[in-house]
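Below is one structure; the comments refer to it alone.
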Amino acid sequence: MRWVDDLETFVKERAPALLRYGYVLTGNPHDAADLAQEALARLGTTWRRVAGKGDPEAYVRTTMARLHISRWRRLRRERLVEDLPERGYLPADLIRIEGDTGLWQALARLPVRQRAVLVLRYYEQRTDEEIATVLGVTRGTVRSQAARALEKLRAVWPLARDRTSDEAGEGAGEGAGDGAGDGAGAVTGRTA
């Protein structure tokens, strides 16, 4: 059966990228593995239909984002603590950035929906309309969640504070206040 081979090839080739995507969504390698596994299991039951449309990875990523939001909705009534008593093991293949500046830890401190919006916007480079569709919310909710998330990131991520204070010091020069040349990207605001 040719379609089984294609599914197996797809899983072998794309599983590491899907695990990284799950890690960015959840901030936890174990939850990332659960998300990827569940999404790939769902893909297996609909492979012929999804593969026929030409982009099975988009299906898996959308499924992962929706599963993540569904879990968050179920668990949001639990009282979560900010600091865990001990840290778990983090596999080296999930650490994507050499010289990590703490952005991933700062993202992990954000509420689930705000983190999902930032991941979809800046990691997946999706539009507000696409994010709204994936998360099942309005475009206005996406924009407000992104603004709140960026504000929180600026407060907790030291590099963002350094960049915004550097830019404030340069404010007397050309282009002050117009956002032109805003090199900090996702942390200091979305560039046009």
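Here, each number is a calculation from the coordinates, and none is a lab measurement. Because the structure is a prediction, the values reported are computed rather than measured. In this analysis, Cβ positions are derived from the backbone assuming ideal geometry, glycine residues included, and neighbour counts consider all displayed protein chains.
Per-residue 3J(HN,Hα) values for the range 127-142, derived from phi via the Karplus relation 6.51 cos²θ - 1.76 cosθ + 1.60 with θ = phi - 60°, read 7, 4, 5, 5, 5, 4, 5, 4, 8, x, 10, 7, 4, x, 5, 4 Hz in sequence order (x marks Gly and Pro).
Extension gain, GLU38 to VAL156: 0.36 nm times the residue separation minus the Cα-Cα distance gives 39.3 nm. Couplings 3J(HN,Hα) for the range 110-117, derived from phi with the Karplus relation 6.51 cos²θ - 1.76 cosθ + 1.60 (θ = phi - 60°), are 6, x, 4, 5, 5, 5, 4, 4 Hz, where x marks Gly and Pro. Each residue of the range 47-56 was assigned a 3J(HN,Hα) from its phi angle through the Karplus curve 6.51 cos²θ - 1.76 cosθ + 1.60 (θ = phi - 60°); the sequence is 3, 4, 5, 5, 5, x, 7, x, 9, x Hz, with glycine and proline shown as x. Between GLU82 and ALA147, the contour length at 0.36 nm per residue exceeds the Cα-Cα span by 21.2 nm. In this label model, ARG109 and ASN28 are separated by 1.9 nm, measuring between points 7 Å along each Cα→Cβ vector.
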